[in-house]
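To keep things clear, I will list the structure first and then write my remarks on it.
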Amino acid sequence: MSKKENTAENNLENVEHALGRTERFIEENQKNITIIVLAIIIVVGGYWAYKKLYMEPRNAEAQQSIFHAQNYFSNDEFQTALDGDGMSPGFLELIDDYGNTQAGKLSKYYAGISYLHLGEFELAIDYLKDFKTDNEELGAIANGAIGDANVELGNQEEALKWYTRAIKSENEIAAPFYSLKKGILLEEMGNNSEALEAYQLIKDQYEDSSEARQIDKYITRVSL
């Protein structure tokens, strides 16, 4: 037998040996393997059922329910938006009943802004801090609103922190708006140099914003 034939035969024996070990492993662990496979099927199937049969109908139901509360909010009827009108739920009920849906999560934002308008600043902060979103602009506005609530409570340093978070979003609408607020607050605190930085940011990076159209007077004021 040639060396080449001998090598091929050895390789075949090695493959058969490996296959034999695999077969023995499967035979010896058949019960455990079956349990693992079933567990995977249950997890995948359970997630699909949870998403399709539970979450999607609840999302649709919550989306319909939030409509009336949003209308009250748009009309500045903030207390009714929070509490509901007796027939349709308000944001607080939506948070309790549909907290894990998109509408339920969005209700935390609406509740926070509503409490801000109603002068309930601590509650506004609580709900806005609990609000999580991937929407850049909405997230920036929520952070800025937390800053506003802290200003009302006299927590100036805390307000600056939240205004800075809103500005860091670099959103074309929210960033210049809260840069102006930050600058004005810094002025009130007697910190004209940092106020100038906030105003200059608007002039340099957001020249097309409505805030930029009036920013020169603010820059002049803190540069004197």
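The values are calculated or read from the model by the stated rules, or taken from the named source; none is laboratory data. What you see is a predicted model; the values in this text were computed from it and never measured. No Cβ is skipped: glycine too gets one built from the backbone with ideal geometry, and neighbour counts run over all protein chains shown. Areas reflect the complete protein model, heavy atoms only, side chains present, ligands, DNA and RNA absent. Shrake-Rupley method; radii C 1.70, N 1.55, O 1.52, S 1.80 Å.
Sparsely packed loop sites in the range 171-224 (the GluC sites (Glu not before Pro) outside DSSP H, G, I, E and B with at most 14 other Cβ atoms within 10 Å) comprise E172, E207. The D83 and E122 beta-carbon pair, evaluated with R₀ = 22 Å, returns a calculated FRET efficiency of approximately 0.75.
With K and R counted +1 and D and E -1, the other residues having a Cβ less than 12 Å from that of K203 yield a net charge of -4. Pairs spanning more than 21 Å between alpha-carbon atoms, out of K129/K182; K161/K181; K182/K203; K132/K181; K105/K129; K105/K181: K132/K181; K105/K181. Label positions at R221 and D96, each projected 7 Å from the Cα along the C-beta direction, are separated by 4.5 nm.
Sequentially through the range 80-85, phi angles give Karplus couplings (6.51, -1.76, 1.60; θ = phi - 60°) of 5, 4, 6, 8, x, 10 Hz, Gly and Pro residues having no value and appearing as x. For the range 133-208, what class follows from the C-alpha gyration tensor (a ≥ b ≥ c being the square roots of its eigenvalues): rounded when a/c is under 1.5, otherwise prolate if a/b is larger than b/c, else oblate? Oblate, since a/c reaches 1.5 and b/c is not below a/b.
Counting heavy atoms of the protein chains alone, I141 has an accessible area of about 50 Å² for a 1.4 Å probe. Remark: the range 101-118, residue by residue, has Karplus-estimated 3J(HN,Hα) of 9, 4, 5, x, 5, 5, 4, 5, 5, 4, 5, x, 5, 4, 5, 4, 5, 7 Hz, where x stands for each Gly or Pro and the curve is 6.51 cos²θ - 1.76 cosθ + 1.60 at θ = phi - 60°.
The mean accessible area for residues of the range 81-224, using a 1.4 Å probe and ignoring ligands and nucleic acids, is 51 Å² per residue. Positive contributions from Lys and Arg (+1) and negative ones from Asp and Glu (-1), summed over other residues with Cβ under 14 Å from the Cβ of G86, come out at -4.
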